[in-house]
Amino acid sequence: MFSATSTSRRFLLSSLSSSSRVVAAALKRNAGRSFSSKGDDDNWIPDVSLDTDLVHGGVCPDEKTGGILTPIHLSTTFVQESVDKYLERGYSYSRTNNPTVTMLEQKVAKIENGFGAICVGTGMSATASCINAFMKAGDHCVITDCSYGGTNRICREQFMPFGMEFSFVDFSNPQNVADAIKPNTKLIFSESPTNPTLNIADLEAISDIAKSNN
């Protein structure tokens with residue numbers, strides 16, 4: 001079971017095999033030296049603060065020019081001399097991977113102490129990607145009853161007809177989440193603070209509930 005953080009963060013932490021492969025590939029293709037990677041073997045600024053990670057996390061100097069900041073890559077396609085070479089670099093089309101977005105994903109993962117991150121263009125893209133990645137027909141999701149309108153609609157109008165089940169509960173009390181879990185629960189979907197009522201959920205407590213239920 002996976003506990004999703006707020007969609008306002010616009011990223012997805014992955015633990016399923018399909019999504020993990022995407023994240024692992026993204027991390028592998030950018031395994032170069034980062035200015036503030038605490039766990040990197042070639043870390044040259046050890047034990048940096050969060051403030052430093054906010055600025056330099058995920059940033060790798062350009063090998064040819066020495067440029068420090070990651071440029072905005074506007075290219076829609078990338079050279080593909082062969083399948084092996086382009087897979088090694090990790091980029092073919094910007095709609096799937098882009099060096100500028102990769103830097104942002106690494107920065108978000110570092111700040112959140114996560115395994116990886118996937119950044120998309122909108123909150124609804126994050127929502128749809130999360131549900132598509134973690135659920136299939138017959139699976140159950142515990143979701144806040146105060147979710148964003150688009151989130152509520154896509155669950156009821158798109159995913160429910162596909163055979164997915166959703167329980168909309170009040171996340172302000174973590175016990176409500178625990179009580180809603182079923183044997184087929186695969187996802188706990190939280191938004192905190194909620195839009196537009198700004199309800200707050202105890203994400204740590206909800207995460208503990210998810211972990212205790214595997």
Answer with yes or no whether Asp179 is over 30 Å from Thr70 (Cβ atoms), open to solvent by less than 30 Å² (accessible area, probe 1.4 Å), at pLDDT 95 or above and among the acidic types (Asp, Glu). no
Counted residues, the range 187-214 - those being within 19 Å of Glu165 (Cα to Cα), in contact with a helix residue (DSSP H, G or I) (Cβ under 7 Å, 6 or more places away or on another chain) and assigned to a loop (DSSP other than H, G, I, E, B): 2
Name the residue that is least open to solvent (accessible area, probe 1.4 Å), counting only residues in the range 162-173 that are under 13 Å from Ile131 (Cβ atoms) and out of contact with any helix residue (DSSP H, G or I) (no Cβ under 6 Å at 6 or more places or on another chain). Met164
Within the range 62-73, which residues are more than 21 Å from Ala117 (Cα to Cα) and not β-branched (Val, Ile, Thr)? Asp62, Glu63, Lys64, Gly66, Gly67
Some residue of the range 96-112 being β-branched (Val, Ile, Thr) and more than 30 Å from Ser190 (Cβ to Cβ): no
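The values are calculated or read from the model by the stated rules, or taken from the named source; none is laboratory data. Quick caveat, the model's predicted, so the values are computed rather than measured. When we count neighbours, we look across all protein chains shown, and the Cβ atoms used for this are built from the backbone with ideal geometry, even at glycine. Surface areas here come from the heavy atoms of the whole protein model, side chains and all, with no ligands, DNA or RNA. Shrake-Rupley method; radii C 1.70, N 1.55, O 1.52, S 1.80 Å.
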